[in-house]
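A.B. asks: Before I ask anything, let me first share the structure, which is written out below as structure tokens.
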Amino acid sequence: MITIGLTTWTEHPSLLGGTEKLTLTEYSGVLPVVEVDTPFYGIPKVTTVAKWQKAVPDKFQFILKANQVMTLHNTYDEGVSMDALKTAYREYRAMLKPLTQHQQLKAVLFQFPPFFERSNRNFHYLQRMVEWLPGVPIAVEFRNQSWYEESVKDAVFSFLKDLGITHVIVDEPHALNDGVSFEPVVTNSKLALLRLHGRNQQGWSAKGANWRSQRTLYRYSDQELAEFKQTVEQLQQQADEVCVIFNNNSGGDAADNAMALKELLGVSFGDLGPHQLDLF
């Protein structure tokens, strides 16, 4: 199975050929999965999650970013207390329940900060994540190249496989001291996940107040999309599902690229019409 989605749902008016922001119901009538980053900044209430569910078909799924406490952001020097970690995981598990009960959670995405390097401590933390989110599908995106050094990357992939964690295959600008390499490796046979950030090297390294608007300013070419098609087809031989998330949307390109890849792959997503899910 192949699924394709975008980050957030409001910012992709071209999905419906308009200029207005989309509702979740409108988005879910076109694509079968969305990545939501709001849990990174603050764990949503269960009532908020229930509203999302009521807006989408029952087969629609969500990828939710892990909270910033859980990904150890802003804790490089001082660390994070065990109490804070346990509280974050407890609240996050409670928030997930409506989604897990109705099979609408595709994965919790741990996008680690660039300073999360390969170390014994961080290997141990990956183990703890699985313990603290039992039965929850977890995907990990590394942003430090130390995880992909030639001498160790096979061992890293094997470690993730043993834990049942999906290795996120990342496409982004890659230079010696910035970005990670493209590694199309499957570590969980249930799900292969690609996140495509674009290849704007200058914008990726941008500093200052407007860095967010530059970082993913990129439109994949037809040739690049054809290369992704080949990658997806190869991954299909190793995983039950290959999910592709386009995050190259600083200029509004993600939706157009997603629909172009969908056409190249010749996939359809069936009946994605809205309905009312009986939650309780």
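The values are calculated or read from the model by the stated rules, or taken from the named source; none is laboratory data. Because the structure is predicted, anything quoted here is derived from the model rather than measured. Reconstructed Cβ throughout: ideal geometry from the backbone, glycine too, with neighbour counts over all protein chains shown. Side chains included, ligands, DNA and RNA excluded: accessible areas come from the protein's heavy atoms. Shrake-Rupley method; radii C 1.70, N 1.55, O 1.52, S 1.80 Å.
A.B. asks: Which residue pairs have Cβ atoms under 8 Å apart, sit 6 or more places apart or on different chains, and have a first residue in segment 118-138 that is in contact (Cβ under 8 Å) with a residue 40 or more places away in the chain and a second that is open to solvent by less than 40 Å² (accessible area, probe 1.4 Å) and among the small types (G, A, S)?
C.D. replies: Partner pairs satisfying both residue conditions: P137/A107.
A.B. asks: Consider K65 carefully, then state whether it is basic (K, R) and within 30 Å of A260 (Cα to Cα).
C.D. replies: yes
A.B. asks: Considering only segment 1-28, state which residues are at pLDDT below 95, small (G, A, S) and more than 15 Å from N257 (Cβ to Cβ).
C.D. replies: Hits for segment 1-28 are G17, G18.
A.B. asks: Show the residue pairs that are 6+ apart or on different chains and have beta-carbon atoms under 6 Å apart, the first residue being within segment 259-280 and within 29 Å of P98 (Cα to Cα) and in a loop (DSSP other than H, G, I, E, B), the second being among the β-branched types (V, I, T) and modelled with pLDDT of 95 or more.
C.D. replies: Once the first residue is within 29 Å of P98 (Cα to Cα) and in a loop (DSSP other than H, G, I, E, B) and sits in segment 259-280, its partners that are among the β-branched types (V, I, T) and modelled with pLDDT of 95 or more give V267/I2; P274/T25.
A.B. asks: Residues in segment 223-241: is at least one in contact with a Lys or Arg (Cβ under 8 Å, 6 or more places away or on another chain), closer than 17 Å to Y27 by Cα and touching a residue at least 40 places away in the same chain (Cβ under 8 Å)?
C.D. replies: no
A.B. asks: Taking segment 99-142, which residues are among the charged types (D, E, K, R) and more than 30 Å from T48 (Cα to Cα)?
C.D. replies: If the condition is that a residue be among the charged types (D, E, K, R) and more than 30 Å from T48 (Cα to Cα), then E117, R118, R121 are the ones that fit.
A.B. asks: Output the residues belonging to segment 236-252 that are out of contact with any strand residue (DSSP E or B) (no Cβ under 8 Å at 6 or more places or on another chain) and open to solvent by less than 40 Å² (accessible area, probe 1.4 Å).
C.D. replies: Residue satisfying the conditions is G252 alone.
A.B. asks: Among the residues of segment 46-61, which ones are surrounded by 20 or more Cβ atoms within 10 Å (Cβ to Cβ) and aliphatic (A, V, I, L, M)?
C.D. replies: Across segment 46-61, the qualifying residues are V49, V56.
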